[in-house]
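Data first, discussion second: the structure below is written as structure tokens.
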Amino acid sequence: MLKCSTFSSNKAYIVRYFITFAAPATFPDSDFSDDTQDLVIQDKDILRKSHHDSGTGLHVLDLIHRGSLEPDRSLYNTLFKKCTLLKKLDEARIVHAHINASLFKDDLVMQNTILNTYCKCGSLDDAHKLFEEMPVKDMVTWTALITGYSQNDQPLNALVLFPQMLRLGLKPNQFTLSSVLKASGTGTSDRYGRQVHAFCFKYGYVWNVYVGSSLLDMYARFGRMDDAWSVFDTLESKNEVSWNALIAGHARKGEGEHALKMFSGMLRQGFEPTHFTYSSVFTALASMGSLEQGKWVHAHVIKSGGKLVAYVGNTLLDMYAKSGSIDDARKVFNRLERRDVVSWNSMITGYAQHGLGKEAVRWFAEMLRIRIVPNEITFLCVLTACSHAGLLDEGQKCLELMKKYSIEPQEAHYVTMVDLLGRAGRLDQAMKFIIKMPIEPTAAVWGALLGACRMHKNMDLGTYAAERIFEFDPHDSGPHVLLANMYASAGRLSDAAKVRKMMKESRVKKEPACSWVETKNAIHMFVANDDAHPQREEIRKVWDEICGKIKEIGYIPDSSHVLFYADQQEREAKLQLHSEKLALAFALMTTPPGFTIRIKKNIRVCGDCHSAFKFASKVVVREIIVRDTNRYHHFRDGFCSCGDYW
DNA sequence: TTAGGGTTAG
């Protein structure tokens, strides 16, 4: 009873050749005894039982060819499942060749399965070739290919196929729409996605949890959290994915508190957080720099028995590093199940941001020693570390090393290199570097030079750099403030006034400075000259006391950091009301002695505050950690971890 | 037979 597929002799040869090549363990002829029926059943069982084995079980094709096994749909499906699971493209091709020589050659469902397998194995070329060859295609065929493109970083191809499918009169289902929405979440505009949203309405899928989650994720990726929320609220039922998409959206936007609130809401409603949830929540916490809340969520992971797998572990260590605890970050690193390039980059960045440049370079060397291949981000992290620590030689070597790894330096690498040279006082060298570099200098490159000129009080080059920046964007407040500061700190107050006038005339708005401080489980925000805080009198009194004490040990207020008041006395008074000083005073009032104070600022920490905090850390005998947009400052016993190099 | 969510820098 041989129910073997019909082969043409030529095709049989090809298939056998492939099988032998890929799966040499063929069965001897003597295995085909009289009790063939028993063998058939037995081998099918072996195939099914071995579903999770490392092999794909291709030897059964040999059995089919020899006639001892009857090919059926479920057998081929099992083989394709294994190919998908193990990402075995070559073996999927062999099974495909075998099917082409069988009765299933023109079977639409089988062809859809093959197409899907090619997509899952990452070969969109094979999938597209089969798609073109298929005489009949149904909605599943189109959906499988659209999904393939969407899942394999080719969203445009997916978006081109969708209208073609519609033009043929095929109606999309929830699978199609979810994939199209995923593809629509890329690019610069949500226009396509909004049109797909209309289709979801038309076909009645907006309430479907799969389509709805993709839809809200699409909006969240474009930062349209209100629209994302509207979709979330209208979902008939929610699941972990819907929650995760919304949490990730808030995390991406840097809206840490929203993300954390969502996480609490998810727990309250009885949903189990997944790896995706924790990754997003730690990303959110990292942006908040909130150590206490970070520890709370970490405890959740431990309690749920979650292992520190790639994404979760990396985001967790990044959270600790960004929240000011590099020691905890290192502990997490040591406990990671697998350390990849992101784990190493995060640690290097952590050390760089904490002013431990030499340590960052040491970790980079160790990473190379154990043959972890660095990527462009690694080099940027190392260059930043060198820049923050004044490690000029190491930085130059790092840039050279990029060639060895065939990584072309990008704008960010050049900016950091200019920053490194400039901070080290090599302003001429930095200028020569800009002229020689293979890309056109951008506003960011000139910005780095301007920052260095301000630091080293080089008015002429600084003015030149500022003029170049204004050519790119005359309304950018950053360079205006830097330029005015540069003039003010050199005593050229009339020039500083000219810049202020220019800003006013061009309607350049300076971003208001804000500081946040975390006390136990609450976060308090302060703005400069804060008059609205209910404890403003007490806060000012505390700062006045500290100010008096630090003046006794050498603090000299530097009012060049106050631009908008002409009168010297008024400038000095405003200087003492900077948001970070108010935040520090408040933290001292509300936290127990010895408690580390953690302050976050939305712009670069002011030079006078930096000086005041160094003295204050000695007077109040506290560790003060300030995280600004550039880096961390650990103030302890009169010194800052940045070594005044920031 | 076809579906959705997560990391490092600047």
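Throughout, read-outs are computed from the coordinates displayed, never taken from laboratory work. Here the structure is a predicted model, which is why all the values come from computation and not from measurement. Positions of Cβ are generated from backbone atoms using ideal geometry, with glycine treated the same way; all protein chains shown enter the neighbour counts.
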* Structure fact -> Per the rule of 0.36 nm per residue minus the C-alpha distance, extending residue A:173 to residue A:497 adds in nm 110.3 nm
* Asked: For the cross-link pairs A:498/A:601; A:253/A:510; A:202/A:261; A:307/A:600; A:295/A:600, which exceed 26 Å when the distance is taken from alpha carbon to alpha carbon?
  -> A:498/A:601; A:202/A:261; A:307/A:600
* Quick one: grab the alpha carbon gyration tensor of the range A:500-545, order the square roots of its eigenvalues as a ≥ b ≥ c, and give me rounded if a/c is under 1.5, else prolate or oblate depending on whether a/b is larger than b/c. => prolate
* Asked: Tell me, what HN-Hα J-couplings in whole Hz come from the Karplus equation 6.51 cos²θ - 1.76 cosθ + 1.60 at θ = phi - 60° for each residue of the range A:347-356, using x for Gly and Pro?
  -> 5, 4, 4, x, 5, 4, 6, 9, x, 9
* To do: Calculate the length of the line joining the C-alpha centroid of the range A:85-136 to that of the range A:57-78, in whole Å.
  => 16
* Per-residue [θ]222 nm for chain A (sum of -39500 (n - 2.57) over DSSP H runs n ≥ 4, rounded to 500) -> -20000 deg cm²/dmol
* If the cut-off is a Cα-Cα distance under 27 Å, which lysines reach residue A:88, setting aside same-chain residues fewer than 8 apart in sequence? -> A:11, A:44, A:49, A:105, A:120, A:129, A:137, A:182
* **Pairwise centroid distance, computed over Cα atoms, of the range A:240-293 with the range A:505-536, Å** => 25
* Would you please classify the overall shape of the range A:458-523 from the alpha carbon gyration tensor, given that a ≥ b ≥ c denote the square roots of the eigenvalues, rounded means a/c under 1.5, and beyond that prolate means a/b larger than b/c while oblate covers the rest? => prolate
* So, how do all the Cα-to-Cα distances of chain A break down into 10 Å bins, in percent, from 0 on up? -> 3, 12, 17, 21, 18, 12, 7, 5, 3, 1, 0
* Around residue A:514, which amide H atoms from residues at least 5 apart in sequence, or from another chain, sit under 5 Å from its own amide H, with H modelled in the peptide plane? -> A:602, A:603
* Between residue A:598 and residues 5 or more places away or on another chain, which pairs have amide H atoms under 5 Å apart, with H built 1.01 Å from N, and which residues are they? -> A:518, A:625
* With contacts defined as alpha carbon pairs under 8 Å and 6 or more residues apart, what's the relative contact order of chain A in percent? -> 6
* To do: Per residue of the range A:445-456, in order, report the coupling 6.51 cos²θ - 1.76 cosθ + 1.60 (Karplus, θ = phi - 60°) as ³J(HN,Hα) in whole Hz, putting x for Gly and Pro.
  => 5, 5, x, 4, 5, 4, x, 5, 5, 5, 4, 9
* What is the distance in Å between the Cα centres of the range A:369-395 and the range A:601-646? -> 24
* Structure fact -> Where a ≥ b ≥ c are root eigenvalues of the Cα gyration tensor, a/c under 1.5 meaning rounded, otherwise prolate if a/b exceeds b/c and oblate otherwise, the range A:319-395 counts as oblate
* **Karplus 3J(HN,Hα) series, Hz, for the range A:470-484 with 6.51 cos²θ - 1.76 cosθ + 1.60 (x for Gly, Pro)** => 5, 5, 7, 8, x, 9, 6, 6, x, x, 4, 5, 4, 5, 4
* Mind checking which lysines have their Cα closer than 21 Å to the Cα of residue A:432? Skip sequence neighbours fewer than 8 apart in that chain. => A:397, A:403, A:457
* Taking A:417, A:367, A:502 and counting other C-beta atoms within 10 Å, the order from fewest to most -> A:502, A:367, A:417
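Computed FRET efficiency, Cβ-Cβ of residue A:630 and residue A:556, R0 30 Å: what is it to the nearest 0.05? Write out the running numbers ahead of the final one.
On the way: r = 24 Å, r/R0 = 0.80.
After rounding to 0.05, the efficiency reads 0.80.
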